Amino acid sequence: MKVRIKTPSRIHVTLIDLNGSIGRVDGGIGFAIEKPYVDVICEEFEDVKVEGGINEDRFERVAKILKEMFGFGLKVKVLSDYEAHVGLGSGTQISLAVAKAFNDIYDLGLSVRELAEITGRGGTSGIGVAVFESGGFVLDGGHSVKEKPQFLPSSASKAKPPKVLARYDLPDWKVVVAVPNMKGFYGGKEIDLFKSHCPIPIEDVRKLCHLILMKLLPSVVEEDLESFCEAIKSIQYLGFKKVEIDQYGEVIWKLIENSEFAVGMSSTGPAVYSITDTNAKEVSRYFKDHFSERNIECKVYVTKPNNKGHEKRQI
């Protein structure tokens, strides 16, 4: 039996509460996009074997976790994947693509959230897990401090993926994503980022919650692109998102501040994005020119929201 899984990637707009004073931490907002994506064909195998892709070790790691737990091997043929540690959530999509295929091939009957726990995903933000399930724009509720008493990134957290509080389809807007040839903060550096800047001031958390509840979410429901972009722009200057952008010095801030349109940074970056309905080519040129002037190579995707989540078919 062979199973093919294709996933979206995701824009992580921001974490919401890294103050924790009312008993919860994390929370997140983000949305699924069509490109880049992970696309794999998996089949039964006596051991673990991975063919293709640029993240062979990551596919192999997940398959080995599953083999150790359940005793079955897996052959993974990677048709498409994308860069790790750039802010687009490849780790979660790789993990869930392999785990979902493994689950279906061996008829384990596990949910996506159970597979996320097994493979160690969703310990801080639940956006990647949620968009794998069903795409769209997602708000998650974070974690109780009883479950997660420390401020930690997903890579260092053993908490379960948080529950989804709201999920909406996004309109057929264009999303321009630029991935400069720079590495984001991960591993020890990302842990240090949380330790050195948390708790975030409560006033920033309150401003962010107000902005999300009374501007960003209504703009999604009402399909109001102008208000959506205004909210995205304001979010860059608040809470942990500002901390994340600060790590790159002027490179990302100049891009945001000099733009005539709203630009955001996804997760810990360095991937940046803008949402539009008319001027995708202009945005693409702006991104390319900005990084080129600083002698930084840059890959640009012109894509759109994904409102389906992963696709699966038996071959």
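The values are calculated or read from the model by the stated rules, or taken from the named source; none is laboratory data. Note that the structure is predicted; figures quoted are calculated from it, not measured. Ideal geometry is used to build each Cβ from the backbone, glycine not excepted, and the neighbour counts take in all protein chains shown.
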*asked:* Being surrounded by fewer than 24 Cβ atoms within 10 Å (Cβ to Cβ), part of a helix (DSSP H, G or I) and either in contact (Cβ under 8 Å) with a residue 60 or more places away in the chain or out of contact with any helix residue (DSSP H, G or I) (no Cβ under 6 Å at 6 or more places or on another chain) (or both) is true for just one of Gly91, Gly109. Which residue is that?
replied: Gly91
*Set Gly136, Gly142, Gly89, Gly128: member being out of contact with any Leu (no Cβ under 6 Å at 6 or more places or on another chain), over 21 Å from Ala159 (Cβ atoms) and either at pLDDT 95 or above or aliphatic (A, V, I, L, M) (or both)*: Gly136
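Among the candidates Ser111, Ser144, Ser134, single out the residue that is over 22 Å from Tyr37 (Cα atoms) and hydroxyl-bearing (Ser, Thr, Tyr).
Working: Ser111 fails: over 22 Å from Tyr37 (Cα atoms); Ser134 fails: over 22 Å from Tyr37 (Cα atoms).
Going through Ser111, Ser144, Ser134 in turn, just one is over 22 Å from Tyr37 (Cα atoms) and hydroxyl-bearing (Ser, Thr, Tyr): Ser144.
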_Residues satisfying the stated conditions in region 209-240, i.e. among the aliphatic types (A, V, I, L, M) and on the phi > 0 side of the Ramachandran plot_ = none
*Quickly run through region 127-185 and pick out the residues that are assigned to a loop (DSSP other than H, G, I, E, B), in contact with a Lys or Arg (Cβ under 8 Å, 6 or more places away or on another chain) and either surrounded by 20 or more Cβ atoms within 10 Å (Cβ to Cβ) or of a type in the set (Asp, Glu) (or both).*
Gly135, Gly136, Gly142, Glu147, Phe151, Ser157, Ala159, Pro161, Asp172
_region 244-256 residues that are more than 21 Å from Val283 (Cβ to Cβ), paired with ones that are in a helix (DSSP H, G or I) and among the β-branched types (Val, Ile, Thr) (beta carbon under 7 Å, 6 or more apart)_ = none
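One line per residue, one yes/no per condition, for (1) outside any loop (DSSP other than H, G, I, E, B); (2) hydroxyl-bearing (Ser, Thr, Tyr):
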| residue | (1), (2) |
| --- | --- |
| Thr7 | yes, yes |
| His12 | yes, no |
| Gly20 | no, no |
| Ala63 | yes, no |
| Ala97 | yes, no |
| Asp104 | yes, no |
*Here is a list of conditions, (1) outside any helix (DSSP H, G or I); (2) of a type outside the set (A, V, I, L, M); (3) within 16 Å of Gly87 (Cβ to Cβ); (4) out of contact with any Lys or Arg (no Cβ under 6 Å at 6 or more places or on another chain), and Tyr301 meets all of them except one; can you say which number that is?*
(4)
